[in-house]
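*Asks:* So that we are looking at the same thing, I have put the structure below in structure tokens.
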Amino acid sequence: MENINIVEGDKKSRYESLLPQIFALIEYENDTIANLSNITAALKEGLGFFWVGFYIVKPDDSPKGKSLVLGPFQGPVACTRIPFGRGVCGTCWQRGETVIVPDVELFPGHIACSSLSRSEIVVPVFSDNEVVALLDIDSLETGTFDETDRKYLEILTSKISIHGL
Ligand code: SME
């Protein structure tokens, strides 16, 4: 296995270099945990984010009958379970769309897994038009994420299949 090739340059160039490498990593592998794990490692190593991880929608005994449960991630330990509609992640699940938070202190109900996180983007993963998982990325600085991140991360999540968990 080759290392991720990290290019210098602006954000767009870095995503355009990194995404094909990620697609090559997951293309011929069918195992969800293996692919999600490598995606988090590649994003953390390739783009230098503070925390990168997946939350997966799983059945439980909450009022909604399912919650977000922590999946493969890279970075400090994080909250294990997030209810529907709670925090940035639960809001992304409820809205069924990407949520960009330039300053987590200004997002009502933000769940601070790490007090060091300053901005965040959460991108849904869909199957049959339902949210089945989320890609959550945290930054140590405010204002890290913008429409470029949304564009490339949505292309990435559109290629992810969640099954067999
Ligand atoms: N901040 C998220 C919780 C997950 S951590 O950032 C890893 C939220 O408000 O949902």
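The values are calculated or read from the model by the stated rules, or taken from the named source; none is laboratory data. Keep in mind it's a predicted model, so treat the numbers as computed, not measured. Every residue, glycine among them, receives a Cβ derived from its backbone with ideal geometry; neighbour counts consider all protein chains shown. Accessible surface is based on the protein model in full, side chains and every heavy atom, while ligands, DNA and RNA are left aside. Shrake-Rupley method; radii C 1.70, N 1.55, O 1.52, S 1.80 Å.
*Asks:* Which residue pairs have Cβ atoms closer than 9 Å, lie 6 or more positions apart in sequence or on different chains, and pair a first residue in the range 9-38 that is more than 19 Å from LYS151 (Cα to Cα) and touching a residue at least 24 places away in the same chain (Cβ under 8 Å) with a second residue that is of a type in the set (Ser, Thr, Tyr) and not in a loop (DSSP other than H, G, I, E, B)?
*Replies:* Every condition considered, no pair remains.
*Asks:* So which residues in the range 43-65 are under 16 Å from ILE137 (Cβ atoms) and either open to solvent by 20 Å² or more (accessible area, probe 1.4 Å) or part of a loop (DSSP other than H, G, I, E, B) (or both)?
*Replies:* Within the range 43-65, LYS44, GLU45, LEU47, GLY48, PHE49, PHE50 meet the criteria.
*Asks:* May I pose another question? Just the residues that are in a loop (DSSP other than H, G, I, E, B) and in contact with a Lys or Arg (Cβ under 7 Å, 6 or more places away or on another chain), please, taken from the range 128-165.
*Replies:* Hits for the range 128-165 are LEU140, GLU141, THR142.
*Asks:* Output the qualifying pairs, or none if there are none: Cβ atoms under 7 angstrom, residues six or more apart or on different chains, first residue in the range 82-103 and of a type in the set (Asp, Glu), second residue buried (at least 20 other Cβ atoms within 10 Å of the Cβ).
*Replies:* From the range 82-103, the pairs are GLU97/PRO124; ASP103/SER119.
*Asks:* Select from the range 109-126 the residues that are in contact (Cβ under 8 Å) with a residue 60 or more places away in the chain and of a type in the set (Gly, Ala, Ser) and write down the one among them that is most open to solvent (accessible area, probe 1.4 Å).
*Replies:* Residue satisfying both the conditions and the ranking: SER114.
*Asks:* Which one is nearest to VAL101 (Cα to Cα) among residues in the range 143-157 that are β-branched (Val, Ile, Thr) and away from the ligand (no atom under 14 Å from the Cβ)?
*Replies:* THR148
*Asks:* Which condition does ILE4 not pass, out of (1) among the aliphatic types (A, V, I, L, M); (2) outside any helix (DSSP H, G or I); (3) free of Cβ contacts under 8 Å to residues at least 40 places away in the same chain, if it passes all the others?
*Replies:* ILE4 satisfies all of (1) among the aliphatic types (A, V, I, L, M); (2) outside any helix (DSSP H, G or I); (3) free of Cβ contacts under 8 Å to residues at least 40 places away in the same chain except (3).
*Asks:* Let me ask something else about it. Need the failing condition index for GLU120 against (1) near the ligand (Cβ under 8 Å from one of its atoms); (2) in a loop (DSSP other than H, G, I, E, B); (3) within 14 Å of the chain's Cα centre (by Cα); (4) not small (Gly, Ala, Ser), just the number.
*Replies:* The number of the failed condition is (2).
*Asks:* Which ones in the range 66-108 are near the ligand (Cβ under 7 Å from one of its atoms), open to solvent by 20 Å² or more (accessible area, probe 1.4 Å) and of a type in the set (Gly, Ala, Ser)?
*Replies:* ALA78
*Asks:* Given the residues ILE137, ILE160, which is the only one that is closer than 17 Å to GLY46 by Cβ, within 14 Å of the ligand (Cβ to nearest atom) and at pLDDT 95 or above?
*Replies:* That would be ILE137, the only listed residue that is closer than 17 Å to GLY46 by Cβ, within 14 Å of the ligand (Cβ to nearest atom) and at pLDDT 95 or above.
*Asks:* Follow-up question, since we're still on this one. Can you tell me how many residues within the range 88-118 are touching a Gly at 6+ places or on another chain (Cβ under 6 Å) and either polar (S, T, N, Q) or within 18 Å of LEU153 (Cβ to Cβ) (or both)?
*Replies:* Residues flagged as touching a Gly at 6+ places or on another chain (Cβ under 6 Å) and either polar (S, T, N, Q) or within 18 Å of LEU153 (Cβ to Cβ) (or both) within the range 88-118 amount to 2.
*Asks:* If you don't mind, another one. For the subset of the range 139-165 comprising residues that are polar (S, T, N, Q) and open to solvent by 60 Å² or more (accessible area, probe 1.4 Å), which member is farthest from the chain's Cα centre (by Cα)?
*Replies:* That would be THR142.
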